[in-house]
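The values are calculated or read from the model by the stated rules, or taken from the named source; none is laboratory data. From a predicted model like this one, the values you see are computed outputs, not experimental measurements. Cβ: placed from backbone, ideal geometry, glycine included. Neighbour counts: every protein chain shown. Surface accessibility is based on the protein's heavy atoms, side chains included, excluding ligands, DNA and RNA. Shrake-Rupley method; radii C 1.70, N 1.55, O 1.52, S 1.80 Å.
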Amino acid sequence: MVAVRNSTVSKMSAGHDKPLEIANWSAIYAMSLCSFVLVASEFMPVSLLSPMASSLALSEGEAGRTIAASGFLAVLTSLSIGRLTRTMPRQHVLLLLTCLLVVSGSLVASAVSYPMLMVGRALLGIAIGGFWSMSAAVAMRLVPVRDVPRALAIVNGGNAIAMTLAAPIGSFLGGWIGWRGAFWCLVPLGVLAVVWQFCSLPQMPPERKEYAKGVVALLRFPPVLVGLVTVALLFIGQFVLFTYLRPFLEQVTGVSITWLSTLLLVLGASGFIGTILVGRIVAGRVFQLLAILPLVMAVAAFALSGLGASLPFTVCLLAIWGFTATAAPVVWWTWLARTVPENAEAGGGLLVAVIQVAITVGATLGGVIFDALGAVPDFIFSGIILCFAAAAAVFLKRFQTRFARHREIALKFD
């Protein structure tokens, strides 16, 4: 099975003619830049929520729902872009999606009304869903088989850097040049990503593949269904809190703009460290980490709700939250690769769709609770959901062990 898989990847890398021998690292780094701008654009509102809401006469909950809008469109796009663009060369699709990213950033930065802001965020969602659903397959066509893991790490490196820097830089720029100026700063980077990809991406004809059977096979495999529910609970709980972190810090902790940027930098830096460390220890500890990480996040959420008025406690708790929240996706991708190794591409699409739905639900629920009850109940609710995520992970381990004998049967549907 491994030999067949490697042969397929070789053909993909060579555009279906012969195995690729020289890696196109320029195109890989161009895609990494694109992933950075995408993720930075998606999550920058977290650090700019209050000034955005004030400028457009919105509540924090309404402003937070712009994140939900991008997540909703990302789900729809990830599930449909393969069918809608099946006759288009893949490099053209990537360029189109990156152009949408530029248009989205321009609309958000210049928005004078809530509908205009939502349209900009919707276009961003289309770019996010399309890019991430294609990124792995395109990367495998740009490098030899031996370099595929490194290429995927570089593409996703843009994601990790954005998660680390987007919030603190957004907060800093927002205080210096305003929230619109912060979003305008991303537009030239998007233009650079378009130009770089245009110059570096080779011709990549569309692949004549049918993925529906793979998706159906996964949905008929019970451990995958339980895992998807578990990861959904994790991201719902995370974004109930994370989306409204800035107003919590301003209203409960009472921090200034300078301290806000510092706290968000602590959050991002600890997340970057967590990603690196968890990536090194995840082997042999997948299920333990799937349960431990959301449990630690829940404890941090409960502690913030009670101790958030204390700046020293808040700094420590945000470091813990950032470490665990950013590291958790690494463990989930490892779980997916081990659970369905011969159907990882379809599984990745399902995982991305579920995560985006969970982000949308979390941001929406958090907005409703924040507007109705305030910041502290919102954080308590986040902790409760994360406790359910930890319990579901414990159940997943037992459930998956019980169904291990069905694994080969499920893979035959691929």
note = Scanning segment 202-221 residue by residue, those more than 12 Å from R90 (Cβ to Cβ), open to solvent by less than 60 Å² (accessible area, probe 1.4 Å) and at pLDDT 55 or above turn out to be G214, V215, A217, L218, F221
ask   = Which condition number does I276 fail, the rest of (1) without any contact (Cβ under 8 Å) to a residue 24 or more places away in the chain; (2) closer than 30 Å to S59 by Cα being met?
value = (2)
query = How many residues are in contact (Cβ under 8 Å) with a residue 12 or more places away in the chain and either open to solvent by less than 30 Å² (accessible area, probe 1.4 Å) or hydroxyl-bearing (S, T, Y) (or both) when one looks only at segment 69-89?
reply = 10
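Looking only at segment 81-103, count every residue that is closer than 16 Å to L33 by Cβ and not hydroxyl-bearing (S, T, Y) and tell me the total.
Taking segment 81-103 first, the residues closer than 16 Å to L33 by Cβ are 91, 94-95, 97-102.
Now narrow it down to the ones that are not hydroxyl-bearing (S, T, Y): 91, 94-95, 97, 99-102.
So the count comes out to 8.
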ask   = In this structure, is L225 in a helix (DSSP H, G or I), modelled with pLDDT of 85 or more and surrounded by fewer than 22 Cβ atoms within 10 Å (Cβ to Cβ)?
value = yes
request  = For segment 305-322, state whether one or more residues are out of contact with any strand residue (DSSP E or B) (no Cβ under 8 Å at 6 or more places or on another chain) and under 30 Å from A137 (Cα atoms).
outcome  = yes
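Any residue at all in segment 256-267 that's within 20 Å of Q356 (Cβ to Cβ), crowded, with 21+ Cβ neighbours inside 10 Å and not acidic (D, E)?
Keep residues of segment 256-267 that are within 20 Å of Q356 (Cβ to Cβ), which gives none.
No, every residue in segment 256-267 fails to be within 20 Å of Q356 (Cβ to Cβ), crowded, with 21+ Cβ neighbours inside 10 Å and not acidic (D, E).
For the condition within 18 Å of V46 (Cα to Cα) and open to solvent by less than 10 Å² (accessible area, probe 1.4 Å), what is the one hit in A319, A301?
Working: A319 fails: open to solvent by less than 10 Å² (accessible area, probe 1.4 Å).
Selected residue: A301, the only one of A319, A301 that is within 18 Å of V46 (Cα to Cα) and open to solvent by less than 10 Å² (accessible area, probe 1.4 Å).
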